[in-house]
Amino acid sequence: MQTRLLPAEVVTEHTGIAAVVEAVADAFAADARGDVQMPAKSYIDLPQYNGDFRSMPAYLDAGDWDAAAVKWVNVHPDNRQRFGLPTVMGTIVYSDPETAFPLALIDGTTITRLRTGAAAAVATRELASADATSLGLVGAGTQAHTQLEAIATVRDIEEVIVADADPEAVESFVAVFEDRFDVRGGTIEQATQCDVVSTTTPVEEPIVEAIGPETHVNAIGADAAGKHEIADAVLEAATIVIDDYEQCTHSGEINVLWGEGVLDDGDIYAELGEIVAGEVPGRDDPAGPEGVTVFDSTGLAIQDVAAAHVAYEHATEADAGTPFDLVGTEI
């Protein structure tokens, strides 16, 4: 047996976002059923290099398929300036659960981008108005691109307003999508009046002060304690859905207000998996939430496994990537 090497360009070419959205939805439902094993993310702190490593292992049984993987990912803020390297890089080891054979080594950076967008799309499908046609983006970076691509698979997005402090980033974003959408730059206030909003900035002081009365918000940017994109009053009034209790209360969008005791268990409507699995009503149910909804997305290892599953299956079917001998299998 051989392991398949799937670099970024292969993952990008063969991993359609619509398929990732469905696989990530399967992962959330499996989590709600208790059909996953997902140990807490572990950290190796490297203050001497102003960086850290994080390991994220998981197994999930989606019913029609099961999969196991571990993502080894870093955050080194000085990389770009000092070494010409990305701040974040990830590698995924994707293994056969039955035999433990390493089926693939996969570019984890691309997988992370895809699964993050897919999670927002799953939340949008469950929590946004069925007739939503406009998307506001706060932040015009790489993840904003994936947010639009993913959310457009679950809602008929026509109008897109993107806000960013960097005018060149906005111009670049518009140039990429202007042939497919009515897309333009705007202020944060304009973007957040759209039917669906995704925020993807790393700020620690809220920049989203007002939201449309029925808007669904995907809060993506907060991934560490102290990060906080959305104003306190908006969060206090919204219906809050989280991806994972421990991660969100520690490092998600709600972490600051949670630490201050402003929000508590009574302010959390559900975990997204409970809605996907049909255990808690979504917006399309008469008993579901109304008004502003906020999905607090911190990113789960099961999402990485789901996206890696799609990447491996599609690449193998196309005979893409590079098969190679990684481990000795002679007994």
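The values are calculated or read from the model by the stated rules, or taken from the named source; none is laboratory data. A quick note: this is a predicted structure, and the numbers were derived from the prediction, not measured. All Cβ positions, even for glycine, are placed from backbone atoms using ideal geometry, and neighbour counts span all protein chains on display. The area values use the complete protein model at the heavy-atom level, side chains included, leaving out ligands, DNA and RNA. Shrake-Rupley method; radii C 1.70, N 1.55, O 1.52, S 1.80 Å.
Scanning region 304-326 for residues being loosely packed, with under 13 Cβ neighbours inside 10 Å and among the hydrophobic types (A, V, I, L, M, F, W, C) gives a total of 2. Counting only helices (runs of 4 or more DSSP H) that sit completely within region 1-115, those holding 2 or more residues that are touching a residue at least 12 places away in the same chain (Cβ under 8 Å) and of a type outside the set (Asp, Glu) correspond to 8-14, 17-33. Each residue in region 260-284 was checked for being assigned to a loop (DSSP other than H, G, I, E, B), modelled with pLDDT of 95 or more and over 25 Å from residue 16 (Cα atoms), and 11 of them qualify. Per the listing 176, 162, 208, the residue uniquely out of contact with any Asp or Glu (no Cβ under 8 Å at 6 or more places or on another chain) and open to solvent by less than 30 Å² (accessible area, probe 1.4 Å) is 162. When residues in region 157-175 are screened for being within 20 Å of the chain's Cα centre (by Cα) and over 15 Å from residue 187 (Cα atoms), 1 of them pass. From the list 157, 161, the lone residue that is in a loop (DSSP other than H, G, I, E, B), at pLDDT 95 or above and of a type in the set (A, V, I, L, M, F, W, C) is 157.
Here the condition is being of a type outside the set (Lys, Arg) and either within 23 Å of residue 110 (Cβ to Cβ) or at pLDDT below 95 (or both); of 25, 32, it holds for 25 alone. Mind checking which residues of region 285-331 are assigned to a loop (DSSP other than H, G, I, E, B) and among the acidic types (Asp, Glu)? Across region 285-331, the qualifying residues are 285, 290, 319, 325, 330.
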